[in-house]
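A.B. asks: I have a structure here, written as structure tokens, and I will follow up with some questions on it.
The values are calculated or read from the model by the stated rules, or taken from the named source; none is laboratory data. Only a predicted model underlies this, so the values are computations on that prediction, with no experimental measurement involved. A quick note on method: Cβ atoms are made from the backbone with ideal geometry, for glycine too, and the neighbour counts reach across all protein chains shown. Just so you know, the surface numbers come from the protein's heavy atoms only, side chains and all, with ligands and any DNA or RNA stripped out. Shrake-Rupley method; radii C 1.70, N 1.55, O 1.52, S 1.80 Å.
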Amino acid sequence: MKKAGLMLVGAIVAMMILGETVNAATAFDVKFTLKQVTGECMVKEPGAAKFTDAKEGAAYAYGTEIKTGRKSSAVVVFAPKNECLVLAQTLVAIQEKGKPSDKSLYLTQGTVQVKLEKDFHKQHTLQVETPTAICGALECEFEVSVGKLNKIIKTLVHAIEGRISVGGRDFSIPIVMGGTRLTVTGSADHTQSKIEIIKGSVKILVPAKPGQPPQVVTLPVGSVFAAVVNGDVINITVTIPKPDGTTETIVTVVVPLPHTTTTTTTIHTDDSSTTTTVPSSTSTTTTIPSSTTTTTTTTTTTTTTTTTTTTTIPGPGPTPTPVGKR
């Protein structure tokens with residue numbers, strides 16, 4: 001009898017644990033809803049010819065674009081405790097990628113602030129894509145802004161809490177911890193890009209010469225990563241500040257443009273994983289030490305005549321309708 005009782009208790013505990021595991025992350029709804037709609041907020045649904053007024057509490061299909069005016073905002077609800085605040089003068093497309101669990105926000109201009117529950121990444125992926133960077137959500141709250149001046153596009157990334165990843169054609173930052181701020185500036189023709197660390201520090205994977213693994217470089221506040229396309233190669237430099245107020249160039253490398261080589265970088269942290277892409281010509285395993293997280297980066301290269309990537313490199317996204325004059 002005692003043995004049967006223990007078995008029953010064990011079964012109950014197992015069911016409780018399983019229930020917690022299953023319910024660790026809330027499944028995203030088939031459509032997203034809008035709440036707290038204020039001011040001039042408009043939507044353009046898939047297949048629609050023009051923008052119409054957004055409706056409080058309405059559900060919209062993925063592929064819908066959202067446009068806000070001055071002193072306007074709206075909250076996109078993917079599921080309970082998983083939301084995105086769309087701030088004033090923003091144009092963003094809320095998209096679904098290859099499968100229902102994968103979402104993408106293509107931010108053309110303005111600011112979005114994403115807040116997700118801690119275990120969201122166990123069932124979903126969400127990226128904020130801009131013309132110069134891809135921000136991958138892990139377990140976090142973060143803000144992304146895009147501004148343009150002539151042909152220069154600047155993305156400001158602020159990891160508020162938790163962890164995110166930031167990547168692009170010329171670089172990969174697998175882990176950006178809460179409290180970190182950085183900018184990714186690039187030209188409209190994608191021939192120049194620059195990363196500046198405004199607050200905190202990051203470990204960046206810098207593309208290496210063919211046959212060599214990516215370099216793991218620590219960028220403290222004030223550091224600058226610069227990449228300039230010159231013909232069929234990319235000239236990359238990394239500069240860090242010195243205690244005396246001067247700067248020091250610690251990396252200078254010339255790598256081929258990633259026309260036919262694809263590197264998939266899988267980042268495993270605790271029980272989660274994410275993927276980014278960096279140009280390389282080899283297969284390596286790199287360990288990035290961290291005081292808070294042990295991160296293992298596995299880089300696998302596949303050389304083909306056509307570039308195939310696991311994570312989309314920032315490039316021409318959907319063509320949302322430009323925000324008009326207000």
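A.B. asks: Would you please list the contacts, defined by Cβ atoms under 8 Å and residues six or more apart or on different chains, that run from a residue in the stretch 105-117 that is of a type in the set (Asp, Glu) to a residue that is outside any strand (DSSP E or B)?
C.D. replies: Pairs that qualify, where the first residue is of a type in the set (Asp, Glu) and the partner is outside any strand (DSSP E or B), are GLU117/ALA25; GLU117/THR26; GLU117/LYS81.
A.B. asks: Looking at the stretch 202-214, I want the residues that are closer than 12 Å to ILE234 by Cα and charged (D, E, K, R) and have a partner that is open to solvent by 10 Å² or more (accessible area, probe 1.4 Å) and assigned to a loop (DSSP other than H, G, I, E, B) with Cβ atoms under 9 Å, at least 6 apart or on another chain. Which pairs are those?
C.D. replies: Cβ pairs passing all conditions: LYS209/SER281.
A.B. asks: Failed condition for GLY98, given (1) under 12 Å from the mean Cα position of the chain (by Cα); (2) without any contact (Cβ under 8 Å) to a residue 24 or more places away in the chain, with all others met?
C.D. replies: The number of the failed condition is (1).
A.B. asks: In addition: Across the stretch 54-81, what is the total count of residues that are basic (Lys, Arg) and within 20 Å of the chain's Cα centre (by Cα)?
C.D. replies: Count: 1.
A.B. asks: Across the stretch 224-257, what is the number of residues that are in a loop (DSSP other than H, G, I, E, B) and over 18 Å from THR132 (Cα atoms)?
C.D. replies: 7
A.B. asks: Of the residues in the stretch 152-162, how many are open to solvent by 10 Å² or more (accessible area, probe 1.4 Å) and under 30 Å from LYS209 (Cβ atoms)?
C.D. replies: Going through the stretch 152-162 one residue at a time, the tally reaches 3.
A.B. asks: Something else: Could you tell me which of the residues ILE197, ILE234, ILE204, ILE240 is closer than 29 Å to GLY162 by Cβ, modelled with pLDDT of 85 or more and over 22 Å from the mean Cα position of the chain (by Cα)?
C.D. replies: After applying the criteria, what remains is ILE240.
A.B. asks: Answer yes if at least one residue in the stretch 131-142 is open to solvent by less than 30 Å² (accessible area, probe 1.4 Å), part of a strand (DSSP E or B), charged (D, E, K, R) and in contact (Cβ under 8 Å) with a residue 60 or more places away in the chain, and no otherwise.
C.D. replies: Within the stretch 131-142 (the criterion being open to solvent by less than 30 Å² (accessible area, probe 1.4 Å), part of a strand (DSSP E or B), charged (D, E, K, R) and in contact (Cβ under 8 Å) with a residue 60 or more places away in the chain), the answer is no, since none of the residues qualifies.
A.B. asks: Just to verify a result, which residue in the stretch 201-216, among those that are touching a Leu at 6+ places or on another chain (Cβ under 8 Å) and in a strand (DSSP E or B), is farthest from CYS135 (Cα to Cα)?
C.D. replies: The qualifying residue farthest from CYS135 (Cα to Cα) is GLN215.
A.B. asks: Sticking with this structure for a sec: Inspect all residues belonging to the stretch 168-175 and state whether any of them is basic (Lys, Arg) and assigned to a strand (DSSP E or B).
C.D. replies: No; the residues of the stretch 168-175 include none that is basic (Lys, Arg) and assigned to a strand (DSSP E or B).
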